[in-house]
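Note sheet for the following structure.
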Amino acid sequence: MRTTVGIIGAGPAGLLLARLLHDAGIDSVVLESRDRAYVERRQRAGILEQGTVDVLRAAGAGERMDREGLRHDGIELRFAGRRHRVDFPGLTGGRSVMVYAQTEVCKDLIALQLEDGGPLLFEAEALAVEGAEGDRPSVRFRHEGREDVLTCDYVVGCDGFWGVARKAVPVGLSQV
Ligand SMILES: Cc1cc2nc3c(=O)[nH]c(=O)nc-3n(C[C@H](O)[C@H](O)[C@H](O)COP(=O)(O)OP(=O)(O)OC[C@H]3O[C@@H](n4cnc5c(N)ncnc54)[C@H](O)[C@@H]3O)c2cc1C
């Protein structure tokens with residue numbers, strides 16, 4: 001299997017990257033170790049900052065967010081018998097946050113990817129990134145009981161802190 005960008009992990013980072021690459025005409029393959037139902041139900045974030053809202057809209061993934069999400073313009077702190085409003089747009093030149101669950105962001109991005117994006121393989125666990133120092137890195141992965149190799153121009157590790165991609169970054173190039 002061959003692609004330009006091999007993406008490990010179908011969390012919000014991997015899914016959004018796949019969409020942005022698709023929009024730029026660059027092919028990719030996403031490998032996700034869990035099944036679709038698990039990824040779509042994994043509860044995490046609930047608040048999206050303005051930058052995230054903007055990039056989801058620009059990627060064509062903001063339609064349901066804008067319909068069902070709740071724009072949140074501020075908070076009120078109460079102390080010493082008084083109310084103190086913290087007005088997000090007023091203090092930031094119009095920026096606010098959106099209450100829209102990460103599960104829903106993932107559902108929207110998965111639906112778009114499966115509709116017209118590149119391959120998104122669920123239950124495809126990346127086992128190792130090989131050749132990370134060369135110009136043909138590859139990802140060894142297990143899918144449907146078989147081991148396979150995804151050869152890439154670039155490999156992007158969106159598999160979180162504990163994922164396999166982090167371990168493949170050569171010592172000396174790693175920032176942390
Ligand atoms: C309780 C909680 C509340 C949070 N609240 C907020 C919030 O309100 N606002 C906010 O902005 N952020 C919040 N966050 C942070 C936010 O959830 C993360 O920043 C976000 O999930 C990171 O996305 P990601 O795609 O980088 O990684 P992840 O979501 O961790 O996705 C990584 C993906 O890689 C897959 N994977 C791992 N290993 C492999 C492998 N070997 N092969 C293939 N796939 C693999 C995983 O199954 C997963 O799908 C919260 C986090 C938690 C835990």
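The values are calculated or read from the model by the stated rules, or taken from the named source; none is laboratory data. No experiment lies behind these values; they were computed from the predicted model shown. Here the Cβ positions follow ideal geometry from the backbone for every residue, glycine too, while neighbour counts run over all protein chains shown. We work out accessible area using only protein heavy atoms, side chains counted, and drop any ligands, DNA or RNA first. Shrake-Rupley method; radii C 1.70, N 1.55, O 1.52, S 1.80 Å.
Can you tell me which residue among R85, R64 is among the basic types (K, R) and either outside any strand (DSSP E or B) or near the ligand (Cβ under 10 Å from one of its atoms) (or both)?
R64
Among strands (runs of 3 or more DSSP E) lying entirely in region 128-176, which contain 3 or more residues that are out of contact with any helix residue (DSSP H, G or I) (no Cβ under 8 Å at 6 or more places or on another chain) and open to solvent by less than 100 Å² (accessible area, probe 1.4 Å)? Can you show your working first?
Details: elements: 138-143, 146-151, 154-157.
Passing ranges, in order: 138-143, 146-151.
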**Prompt:** Could you give every pair whose Cβ atoms fall below 8 Å, whose first residue belongs to region 24-38 and is in contact (Cβ under 8 Å) with a residue 12 or more places away in the chain, and whose second residue is open to solvent by 70 Å² or more (accessible area, probe 1.4 Å) and within 16 Å of the ligand (Cβ to nearest atom), counting only separations of at least 6 or pairs across chains?
**Reply:** V29/M1; L31/E125; E32/E123; S33/E123; S33/E125; R34/E123; D35/E123
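Going by the conditions given, is I75 in contact with a strand residue (DSSP E or B) (Cβ under 9 Å, 6 or more places away or on another chain) and not assigned by TED's automatic domain parsing to the domain that holds H22?
So I75 fits the description; yes.
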